[in-house]
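This report concerns only the one structure given below.
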Amino acid sequence: MEWGISMIDRIQKSDAEWREILSPEQYQVCRCDNTEAPHTGKYTHCKETGIYTCACCGQELFDSSAKYDSGSGWPSYWQPIDASKVSEKTDYTNSTTRTEVLCSRCDAHLGHVFSDGPKPTGLRYCINSIALELKERG
Ligand code: FE
């Protein structure tokens with residue numbers, strides 16, 4: 001492996017290709033940075049065990065063991081499966097500064113990360129349900 005080349009097998013598609021694969025709602029959130037309304041997503045209160053994968057490309061993102069109830073109305077995690085699975089970008093929209101979280105493989109917009117999470121990381125990955133697909137264990 002060449003130095004500086006990511007080990008992640010990147011996925012890049014045109015907007016037209018993503019529109020074909022995703023539902024209109026998924027396209028709006030994952031490819032246009034929209035946010036699903038709070039308390040509406042299917043995983044907000046989900047307690048099943050498994051791996052939450054990227055709805056766009058299938059990359060494994062969050063383990064259910066790192067999921068907790070933040071009360072925000074969106075599924076929340078205190079860490080990704082591995083730091084390499086997500087990338088971060090400063091987001092200046094909505095008159096505030098937030099840290100956007102994206103899938104490192106396909107650049108899907110997942111949500112945002114905040115520093116008011118529980119121990120041990122103190123982080124709150126606030127993720128749109130519609131950007132995720134849970135692969136249940138067992
Ligand atoms: Fe992805």
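Name every residue in the stretch 44-87 that is of a type in the set (Ser, Thr, Tyr) and within 16 Å of the ligand (Cβ to nearest atom), in order of residue number.
Tyr52, Thr53, Tyr77, Ser84, Ser87 - these are the residues of the stretch 44-87 that are of a type in the set (Ser, Thr, Tyr) and within 16 Å of the ligand (Cβ to nearest atom).
Could you list, in sequence order, the residues of the stretch 42-84 that are aromatic (Phe, Trp, Tyr) and either part of a loop (DSSP other than H, G, I, E, B) or in contact with an Asp or Glu (Cβ under 6 Å, 6 or more places away or on another chain) (or both)?
Tyr43, Trp74, Trp78
Out of the residues in the stretch 85-134 that are assigned to a strand (DSSP E or B) and among the β-branched types (Val, Ile, Thr), which is farthest from Thr40 (Cα to Cα)?
Taking the candidates together, the pick is Thr90.
May I ask you to verify whether Glu36 is touching a helix residue (DSSP H, G or I) at 6+ places or on another chain (Cβ under 7 Å), over 22 Å from Ile8 (Cα atoms) and among the charged types (D, E, K, R)? It would help to see each step written out before you state the result.
Numbers: touching a helix residue (DSSP H, G or I) at 6+ places or on another chain (Cβ under 7 Å): yes; over 22 Å from Ile8 (Cα atoms): yes; among the charged types (D, E, K, R): yes.
The answer is yes for Glu36.
Given the condition loosely packed, with under 10 Cβ neighbours inside 10 Å and at negative phi, answer yes or no: does some residue in the stretch 45-68 qualify? Please lay out each step first, then the result.
So in the stretch 45-68, the residues loosely packed, with under 10 Cβ neighbours inside 10 Å come out as 47.
With at negative phi added as a condition, the list becomes 47.
Yes, the stretch 45-68 contains at least one residue that is loosely packed, with under 10 Cβ neighbours inside 10 Å and at negative phi.
Would you check which residues across the stretch 25-41 are assigned to a loop (DSSP other than H, G, I, E, B) and closer than 13 Å to Ala108 by Cβ and list them?
Once the filter is applied, which keeps residues that are assigned to a loop (DSSP other than H, G, I, E, B) and closer than 13 Å to Ala108 by Cβ, the stretch 25-41 yields Cys32, Asp33, Asn34.
Each reported figure results from applying straightforward, stated rules to the coordinates on display, with no laboratory input. No experiment lies behind these values; they were computed from the predicted model shown. With ideal geometry, Cβ positions are generated from the backbone for all residues, glycine too; neighbour counts draw on all protein chains shown.
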